[in-house]
Amino acid sequence: MSNFSQPGNIFISCYKRLSPYLAEELRELGYETEHITSTGIGLKGTLNDCILLNMKLRTASQVYYEVGRFVADDPEAMYDAAYLLEWEEWLHADGYVSISSFVQHPSINNPMYANTKLKDAVVDRIRAKTTRRPDTGPLLNKAVVYLYWTDTEGIIYLDTSGETLAKHGYRLYPGKAPMLESLAAATILASRWDKESPFINPMCGSGTLAIEAALIATNRRPGLLRRNYAFMHLKGFDKATYMEAVLDLEDEIREVPGLFIHASDHNREAIRLARMNAEKAGVDDYIQIDQFDFRRTKLPQPGVGGVVFLNPEYGERLGELDDLVIMYKAIGDFLKQECTGYIGYVFTGNLDLAKKIGLATKKKTEFFNGRIDSRLLEFELYSGTLTDKQTAAPTAAESDELVAED
């Protein structure tokens, strides 16, 4: 049995609060999850499964394949446990390996020390078995070993991803304060968009939300835009298996006749970046990108499932608070007056500003944008044929309750 067909434990990490959407992706791909945490999911599989998971997942960060567990009270005991693992069977003696880690142990006050001890165990073992040793360093573009060690228990993995999967490879020009691609994908998966009705994205910035929407609707996977993963630098990697997976991804692309995705921003540079990023992602034919203020957006008839999705500034990174108060009030007016029949979404990290929208939220979904506690607010934008109570702006007291914590 080759290394790549050997069953084992896999752990897929993600940013905090994204695991429900990662679990949804895994179910759609036919994988059974064994345990779910706030930052990842464990399951059974092989390194060949890791190839597919790396190439297909939109909301993941890293795909780890377990090679050993240990109990250790200090770095020397960890070294001894790591040395017993058959690294010569996984890593090329004349290759390159990097060590990364998450360590919470009283004997370690600098995680780099734990990395160094694990690196020593790996290269000492390979040198003892082969008389050669791989080069080591911080680069993540070759083989990567990951150490997870808390209290006395630890797990050692092969990081089959290397560079993070949270970046999807098309955003060479991110613009100011961009939303990470994995987060953008998760917020779209959290919405009620049906992947066929209009997706309207005012305040698009460098285009991440609109591009992710087009990628999801057409089933274009991140692996189509990336050509290097850490699994390629492990012993037993079969390039033919990988190329077959690439061809399968291409075959799985679906055309969506009439798909209408519209992105707009008042900033000329943002529009320039959005157009370049959409072209790099291969979805520029699906996205109409225009330069104008969000209030000038003209929406087509949505049918069922059309959404308007805004990701405005919220004062943590960009913009002045007084101006943002005015902006959020204008967003509420825009949604109420111009977007009837659609489902409205506003992603924000400022709950006080969110109150200024002045519309009743149907749903609030928790996310983190970096370290910023954020919400995806959903608004059902009824037409004017409903009762005055349904369409009227809330009172100040009601508005304060809209974004209150559950």
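Brief remarks follow.
- Rg/Rh for region 3-159, where both radii come from Cα atoms and Rh is the Kirkwood radius: 0.97
- DSSP bridge orientation in the chain - percent antiparallel, rounded to nearest 5: 65 percent
- Per-residue extension of 0.36 nm, minus the Cα-Cα distance of Asp120 and Glu279, leaves a gain of 52.8 nm for this segment.
- Just so you know, the averaged projected area of the alpha carbon convex hull for region 309-367 sits at 4.0 nm².
- Considering only Met112, Thr241, Gly154, and ranking their Cα positions along the charge dipole of the chain that arises from unit charges at the beta-carbon of Lys, Arg, Asp and Glu, the one farthest toward the positive end is Thr241.
- Shown in residue order for region 187-203 are the 3J(HN,Hα) couplings computed by the Karplus curve 6.51 cos²θ - 1.76 cosθ + 1.60 at θ = phi - 60°: 5, 5, 5, 6, 7, 9, 5, 8, 6, 10, 7, x, 10, 10, 10, x, 6 Hz (x for Gly and Pro).
- Per-selection Kirkwood Rh - the chain (Cα, Å, 1 d.p.): 23.1 Å
- Charge dipole magnitude, Cβ of K and R +1, D and E -1 - the chain, Cα centre, debye nearest 20: 760 debye
- Pairwise Cα inverse-distance average, inverted: Kirkwood Rh of region 54-114 (Å): 14.2 Å
- Averaging the Cα positions of each part gives two centres, and for region 135-153 and region 255-327 these lie 39 Å apart.
- Each label point was placed 7 Å from the Cα along the Cα-to-Cβ direction; for Val246 and His35 their separation is 3.7 nm.
- About the Cα centre, charge dipole magnitude for region 3-159 (Lys/Arg +1, Asp/Glu -1 at Cβ), debye: 440 debye
- In the chain, Cα pairs under 8 Å separated by at least six residues give a relative contact order of 14 percent.
- Full extension of the chain between Lys329 and Tyr113 gives 72.6 nm of extra length, using 0.36 nm per residue less the Cα-Cα distance.
- Kirkwood Rh and Cα Rg combined as Rg over Rh, evaluated for region 120-265: 1.09
- Spin-label model, Ala360/Glu320: points 7 Å from Cα along the beta carbon direction are separated by 3.6 nm.
- Protection proxy ranking for 132-138, 260-266, using the average of other Cβ atoms within 10 Å per residue and placing the highest first: 260-266, 132-138.
Every read-out reported here was derived from the displayed coordinates using simple, explicitly stated rules and does not represent laboratory data. These figures come from a predicted structure and were not determined experimentally. Cβ coordinates were reconstructed from backbone atoms using ideal geometry, including for glycine residues, and neighbour counts include every protein chain displayed.
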